[in-house]
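Here's the structure, in structure tokens; my notes come after.
None of the figures in this text is laboratory data; all of them are computed from the coordinates on show. Note that this is a predicted model, so its numbers are computed, not measured. So basically every Cβ, Gly included, is an ideal-geometry build from the backbone, and we count neighbours across all protein chains shown.
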Amino acid sequence: MKIAVCVSHVPDTTSKIIVGQDGKNIDPNGLTFIINPYDEFAVEEALRLKEKFTGEVVVLSVGKDFVKESIKKAYAMGVDKGIWIKTEAELDSHSTAKLLVEQLNIIKPDIILFGKQSIDYDSGQVGILVAEMLNIPSVSVVTKLEINDNKVSCEREIEGGKETVETKLPVVITAQKGLNEPRYPNLKGIMAAKSKPIQEVASTSVENKIEILKMKKPESKSKGRILGSDASAVKELINVLHNELKLV
Amino acid sequence: MKILVYIEQRENSIKKSSLEALSYANLLASSNNGEVVAVIIGGDLNNQLNELSKYGANKIIVCQDPKFEKYSSSAYSKILIDIIKKENANIIFLSATSLGKDLAPRLAAKLDAGLCSDCTSIVIENNDMIITRPVYAGKALIDVKLKSEIKIYTLRPNVFPLKEVTINAQKEEYKPELTDLDFISFVKEITLSKGKKDVAEADIIVTGGRGMKGPEHFHLIEELADLLGAAVGASRSVVDAGWRPHSEQVGQTGKTVSPTLYIACGVSGAIQHIAGMSSSKHIIAINKDKDAPIFQYADYGIVGDVFEVLPELIKELKVFLGK
């Protein structure tokens, strides 16, 4: 089985976001960047598929030099091959998908895995855009994946429950937390990843469809009101719920 | 300006968030000489059309067939693309639900359209639609515009106001021509947790954090949620500890929510959690640590032990509500 997994490189969840000087992007200084947490589930699932069906796992990432760190993380977990699509440009989901599709058309994987969204722009588009551009089915926000011959059965999270989706290979899957428990790379894996070569590919020209005009911080709230310091404040709280918020 | 709004329905009921999108489409169209087309797809829709006609669509396109009872990303996207082309719509609205977020990128790729996900504000300035949307799970916001001819937006639930409007909508049946290939991906089965509200859709959320001390104490959160008609939420540490399911997790790597009221019980307010809930309209925090970061974001706070405050609150609310 030929398995591809696409990863992005993002500031970790404890990061404080500061708007950069251009007023459109974040200031990356002082931030720790990590492999997108949802992509770790995708990498883990890719490795499990390889263990079950044999084959090869290729990881792809689009971006600046530092995205190679996430490719190396995937190497340390056990991925066979890595492709870095080089670009200095700030790409939107559409442009990212287009560049991935160029490479995926060469690799022709049976299954392509993504995280359900990257935790920077939170758009959750790239995986599904890639599927439609490749004219293959996709299932998003997947918490369980089963493959039999070319039949694919997935559980995906929906509001208030889950649904079972059936489809066929080749397919794009976007991973949700709960799909698996990602493995920790062992020392041998980490050491091997350091010297393992990454294939570099120059990016072709793409045109963004989204223009960022401004990045800003959410307005901070005025100081809240402390109603009390024990259970005696409950009456005041009910008063607030009833008279001020009119919710009960 | 011609806005096409996809109306999502499940089990004979239209999603409220789709009607919010429709209401907002009507508001934009009526002040910009525009027109609004609502499209609904499903098995048997006759009981839903009356409600749908109250929210300002100039035209309602109905696509019903037992085969469309359950969602199929491949079939639904084909139907919508055909209708968008036929109607010459240049603006497409969907609600940012699990279905909307799955469907919208398929439309965008096929129509070579730009897609803006999870919009929380849409205004028109000098003929441009300017969108605000949260990024980094709400730690920052960006203003963006789309440059493509066809523009697609998913609107975050619970943000845009619902508004009834009297317009005599023209109704039209649409019969798509589909083959088996169009159903290559389909929903076979839906399993809903009975009677449970989802944090992504709820007007009120009651969240429990580490301060609840163990899964056995979450009955307090559940009871309070029940009384208020609220959904139960959980912080990341509580989910990671296995006390609550991931579907309840609020915050970065969980759900980003904007309810009318958010009640945080025993939640300290880690930055990842704040990101996911700080856009709630009103926030109440109950925590015994007066220095907990959550109090910086709360409109109302009780600095007290959840194990004293919650039982008292439940008791008093029952009396107040006559339950």
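Figures for the structure shown
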read-out	value
GluC sites (Glu not before Pro) within the range A:20-93, DSSP loop, no more than 16 other Cβ atoms inside 10 Å	A:88, A:90
Gaussian network model of chain B, springs between alpha carbon atoms under 10 Å - residue of B:191, B:97, B:179 with greatest fluctuation	B:191
Relative contact order of the range A:2-202, pairs being alpha-carbon contacts under 8 Å that are 6 or more residues apart, as %	25
Under 20 Å from the Cα of residue A:16 - aspartates and glutamates, other chains or at least 8 residues apart	A:27, A:120, A:122, A:219, B:143, B:291
Kirkwood-based shape ratio for the range B:2-183, expressed as Rg/Rh from alpha carbons	0.94
Scattering curve values for the protein assembly as shown, log₁₀ I(q)/I(0), Debye with Cα scatterers, q = 0.09, 0.10 Å⁻¹	-0.69, -0.86
Restricting the range B:157-259 to trypsin sites (Lys or Arg not before Pro) in coil, as DSSP defines it, with at most 10 other Cβ within 10 Å	B:194
Principal-axis tilt of helix A:93-107 within chain A, Cα atoms, nearest 10 degrees	20
Cα gyration tensor shape for the range B:211-281, rounded if a/c is under 1.5, else prolate or oblate	oblate
Coil-residue chymotrypsin sites (Phe, Trp or Tyr not before Pro) of the range B:155-234, DSSP, other Cβ within 10 Å capped at 16	B:174
Entries in B:15/B:70; B:16/B:147; A:235/B:315; A:52/B:101 that, when Cα-Cα distance is taken, lie over 20 Å	B:16/B:147; A:52/B:101
Over chain A, volume per residue of the alpha carbon convex hull, in Å³	196
Lysines whose Cα lies under 16 Å from that of residue A:223, excluding same-chain neighbours fewer than 8 positions away	B:281, B:290
Cα centroid of the range B:93-118 to Cα centroid of the range A:28-59, whole Å	25
Spatial extent of the range A:128-244: Rg and Dmax, with the Cα atoms as the point set, Å	24.9, 66
Top of A:27, A:39, A:80 by mean-square fluctuation, Gaussian network on chain A, Cα under 10 Å	A:27
Interatomic Cα distance distribution for chain B, bins of 20 angstrom, percent	30, 52, 18, 0
